[in-house]
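Contents: one structure, followed by commentary.
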Amino acid sequence: MFRLGRLIATASTSITLPRITSTLRLRFRLNTINDSTSLRCSARSLSSNAPKKIDSVHFVCGDQTFTGKAKLGDSLLDVIVDNDLPLDGYGACEGTLACCTCHVILSKEHFDRVDKTNPAGEEELDMLDLAPELSDYSRLGCQIRVEKRGWWV
Amino acid sequence: MFCRVVATSSRYLTLSSARNAPRVAVVGSGPAGLFTCATLLRRVPSCVIDVFDAAPVPFGLVRYGVAPDHQEVKNCIHGFEKIFNDHPNQANLFCNVNIGRDVKLQELFDNYDAVLLAYGAHRPRRLKIPGYDAKNVISGSDFVSWYNGVPDTQAPKLDGKNAVIIGNGNVALDCARMISSSDNLQTTDIPKEPLEILSKSQLSKITIAGRRGPQNVSFTIKELREQFKVSTWSSFVSLRDSELEDLQKALASGDRRKKRLFQVMLDNLASPAKTRQTKECNFVFNHVPVSVEKNNENFVQSVRFNDQIAQKEVSYPCDLLIYSIGYENIILDGLPVNENGSLKLLDECRVDVSSAAVFACGWCSHGPRGVIVDTQQQSVAVAQRIAEILPSNLETKPGVSSLLESRGIRYISWKEWCSIDEEERRAGHEMGKIREKILHFEPILSRK
């Protein structure tokens, strides 16, 4: 039962763009087992002056924040696994569309943007139907990638 | 069989006893137990965990429940392996140890700072209608165990033409898919004995019968869709007018999940286009099983149903009857039971035992429902609860390894499982498949 909240976007490759960090919030409810998890993403950018190819991604889970580095093309699942973030069991099927443990909820803004270029296919939708706290803006983290312009795709 | 628990190697235990670390016993090495271990080791980096399983090998239903054509689901094993490989002095596996018989629960309570029950749940609810003791009448759970290579399971006969499957959950779908698509299993981890029987199956008609209406099914959409995609069989849904109406009504008012699920059923209604293959898998509803008719050799011959729509009894020819109509709880001796016959919990996971910190996770805590994501999420929450109560800087509890030694309990450790795993993979590789499961562990258990 965690809720992944707020994924936020990122721009990192372009020299002209300031670095923006992606923030993924996991709201973790520890005392209510029947509550389920979702990832809610909404944009909140932090900028700094130094553009970098690798962005920090913050995963906020309730009052906890986990930070990982992301490369372009990484999926959210990659970011969590590569950084060994303490979300055990996230991505149990390793991105093969056979479970929904990497469920994330995007903000409408991000969902709509991703949906244009990379809409969820039937297999992903079938898996999402098993996700606790399914929302209209739900996706699987294994299918959402850090895009060239620094957005999650 | 899933309630059996495992024991471990004393060598590890001795090592870990050297520190002042909290010690946790986990009963069951399936997803509920091991997801919890993973999170617990994060939260309490010093803790020592002894995982017990009654089966000779770990991973519970991931090995013995997940269908062989769903290998991707089994990828979660990689995470489980990490627990033991990354914490060789802290995470200990004791397979082939039956908690209750080999080690008493009270002994776990006495020798650990916390005990997590994650032994799964259940034995299948028996179909108790006249004639249910006919030969070739088998529970879905036993059928699943058989094709997944659980030791000591009995093979069904697939040499007749007609199979009837009673039940409208995923076990029913898994059974139907194994019967109808054995061609796809050659490279999976299905053992060669069941594969041979499935590939020689003469079954050409499967009837999946639900007691209630089409709007009450417990299928998940991926599994339902898979049956309709089996290209060598015609699979279709047979609805009478009133059933169709019920389903359409339910679709209109249902949430997104229900809508998508019901739409798959509506897209696959019986029609000439859907019945082109000679082999057929037919879904029927509102059929309440009444009796099993046997032939003079005591084999099932037909199944009678009360058709709730036509309001009459109907008979289906049947050479293999599989029923999957729910489960009964198994409560280990010494655990509190509530008025429903389930494990008595104080909240979502704390078991009502005053003398010890006992928690439950997974199907043994709430019954056999939910998929891996549900178990994974519950595990994270339960691990946090356990972490909160674990004492710090106390004297380290001894665990039960010396008990196991003194009783001569032959357990299988993580290290030994690794060599079994390697052997299975090697044997599988030679046969062009992922692994060839070992079905008989006596030779291994008699070594040492």
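The values are calculated or read from the model by the stated rules, or taken from the named source; none is laboratory data. Just so we're clear, the structure is a prediction, and the values are computed from it rather than from any experiment. Ideal geometry is used to build each Cβ from the backbone, glycine not excepted, and the neighbour counts take in all protein chains shown. Surface areas here come from the heavy atoms of the whole protein model, side chains and all, with no ligands, DNA or RNA. Shrake-Rupley method; radii C 1.70, N 1.55, O 1.52, S 1.80 Å.
I need the shape label for the range B:159-308. Rule: rounded when a/c is under 1.5, else prolate if a/b > b/c, else oblate, with a, b, c from the alpha carbon gyration tensor. Don't skip to the end; give the middle numbers.
Working: a/c = 1.95, a/b = 1.31, b/c = 1.49.
Since a/c reaches 1.5 but b/c is at least a/b, the shape of the range B:159-308 is classed as oblate.
Once the piece of chain linking B:R123 and B:E430 is laid out straight, how much longer is it, given 0.36 nm per residue of separation minus the C-alpha distance between them?
Details: separation 307, 0.36 × 307 = 110.52 nm, distance 3.53 nm.
Stretched out fully, the B:R123 to B:E430 stretch lengthens by 107.0 nm.
Which residues belonging to the range A:81-109 lose at least 10 Å² of 1.4 Å-probe accessible area when the assembly is complete, relative to their chain isolated?
A:D84, A:P86, A:D88, A:G89, A:A92, A:C93, A:E94, A:T96, A:A98, A:C99, A:C100, A:T101
So what J values fall out for the range B:146-153 if you push phi through Karplus, 6.51 cos²θ - 1.76 cosθ + 1.60 with θ = phi - 60°, rounded to Hz, Gly and Pro as x?
Running phi through 6.51 cos²θ - 1.76 cosθ + 1.60 with θ = phi - 60° gives 4, 6, 8, x, 5, x, 6, 9 Hz.
On C-alpha positions alone, give me the angle between the axis of helix B:170-180 and the longest principal axis of chain B, in degrees, nearest 10.
60 degrees
Got a sec to turn the phi values of the range A:98-104 into Karplus ³J(HN,Hα) couplings, 6.51 cos²θ - 1.76 cosθ + 1.60 with θ = phi - 60°, whole Hz, x for Gly and Pro?
In residue order, the calculated couplings are 10, 8, 9, 6, 9, 3, 10 Hz.
What residues have an amide H closer than 5 Å to that of B:K205, excluding those fewer than 5 places away on the same chain, when H is modeled at 1.01 Å from N in the peptide plane?
Those qualifying (amide H under 5 Å, at least 5 residues apart or on another chain) are B:A163, B:E280.
Accessible area of B:S218, 1.4 Å probe, to the nearest 10 Å²?
Roughly 80 Å² of B:S218 is accessible to a 1.4 Å probe.
I'd like the trypsin sites (Lys or Arg not before Pro) in the range B:232-295 restricted to DSSP loop residues with at most 10 other Cβ atoms within 10 Å, sorted by number. Don't jump to the answer; show the numbers that get you there.
Values: sites: B:R240, B:K249, B:R256, B:R257, B:K258, B:K259, B:R260, B:K274, B:R276, B:K279, B:K294; in loops: B:R240, B:R276, B:K279.
Hits after loop and neighbour filter: B:R276.
Can you work out the FRET efficiency for the pair A:K116 and B:E423, with r the C-beta to C-beta distance and R0 = 51 Å, to the nearest 0.05? Walk me through the numbers before you get to the answer.
Details: r = 50 Å, r/R0 = 0.99.
The formula returns an efficiency of 0.50 here.
Show the residues, 5+ positions off or on another chain, whose built amide H is closer than 5 Å to the amide H of B:R123.
B:E328, B:I330
For B:I166, enumerate residues with amide H under 5 Å from its amide H, sequence gap 5+ or separate chain, H modeled in the peptide plane.
Those qualifying (amide H under 5 Å, at least 5 residues apart or on another chain) are B:A209, B:I322, B:Y323, B:S324.
How large is the charge dipole for chain B, taken about the Cα centre, if only the Cβ atoms of Lys, Arg (+1) and Asp, Glu (-1) carry charge, to the nearest 20 debye?
540 debye
Compute the acute angle (0 to 90°) between the alpha-carbon long axis of helix B:76-86 and the principal axis of greatest extent of the alpha-carbon atoms of chain B; round to the nearest 10°.
10 degrees
Label B:K258 and B:N306 with points 7 Å out from Cα along Cα→Cβ: what is the distance between them in nm?
Those two pseudo-labels are separated by 2.6 nm.
Apply 1/(1 + (r/R0)^6) to the Cβ-Cβ distance of B:R447 and B:R43, taking R0 = 45 Å, and write down the FRET efficiency to the nearest 0.05.
Working: r = 37 Å, r/R0 = 0.83.
After rounding to 0.05, the efficiency reads 0.75.
Where is the GNM fluctuation largest for chain B (alpha-carbon springs, 10 angstrom cutoff): B:A163, B:A54, B:A273?
Of B:A163, B:A54, B:A273, the most mobile in the Gaussian network model is B:A273.
Sketch the reach of a paramagnetic label on B:L269 as a point 7 Å from Cα along Cα-to-Cβ, and name the residues of the range B:231-251 whose backbone nitrogen lies under 11 Å away.
B:237-248
Convert each backbone phi in the range A:132-138 into a coupling constant with the Karplus relation 6.51 cos²θ - 1.76 cosθ + 1.60 (shift: θ = phi - 60°), then list the ³J(HN,Hα) values in order as whole Hz, x for Gly and Pro.
Values, residue by residue: x, 6, 4, 10, 5, 10, 7 Hz.
Let me know the whole percent of all Cα-Cα pairs from chain B that are separated by more than 39 Å.
Numbers: 26180 of 100128 pairs.
Looking at chain B, the distances longer than 39 Å represent 26 percent of pairs.
Assuming a viscosity of 0.692 mPa s and a temperature of 37 °C, what translational diffusion coefficient in µm² per second does Stokes-Einstein assign to the protein assembly as shown, Rh being the Kirkwood radius over Cα pairs?
Numbers: Rh = 25.6 Å.
After rounding, the answer is 128 µm²/s.
What does the accessible area per residue of the protein assembly as shown come to in Å², with a 1.4 Å probe and no ligands, DNA or RNA counted?
On the way: 24540 Å² over 601 residues.
Dividing the accessible area of the protein assembly as shown by its residue count gives 41 Å².
I want to check the label-to-label distance for B:R101 and B:K161. Put each point 7 Å from Cα in the C-beta direction and report it in nm to one decimal.
4.3 nm
According to a simple spin-label model (label point 7 Å from Cα along Cα-to-Cβ), what is the distance in nm between B:N89 and A:D84?
1.7 nm
For chains A and B, what's the summed buried accessible area, probe 1.4 Å, to the nearest 100 square angstrom?
Numbers: alone 7810 and 19750 Å², together 24540 Å².
Between A and B, the summed buried area is about 3000 Å².
Would you calculate, for chain B, the mean residue ellipticity at 222 nm contributed by helices, counting each DSSP H stretch of 4 or more residues as -39,500 (n - 2.57) and dividing by all residues, to the nearest 500? Please list the in-between numbers first.
Details: 16 runs with 155 residues, N = 448.
Mean residue ellipticity, 222 nm, calculated: -10000 deg cm²/dmol.
If a/c stays under 1.5 just call it rounded; otherwise compare a/b with b/c (prolate if a/b is bigger, oblate if not). Do that for the range B:102-151, with a ≥ b ≥ c from the square roots of the Cα gyration tensor eigenvalues. Intermediate values should be presented prior to the final figure.
On the way: a/c = 3.71, a/b = 2.50, b/c = 1.49.
Prolate.
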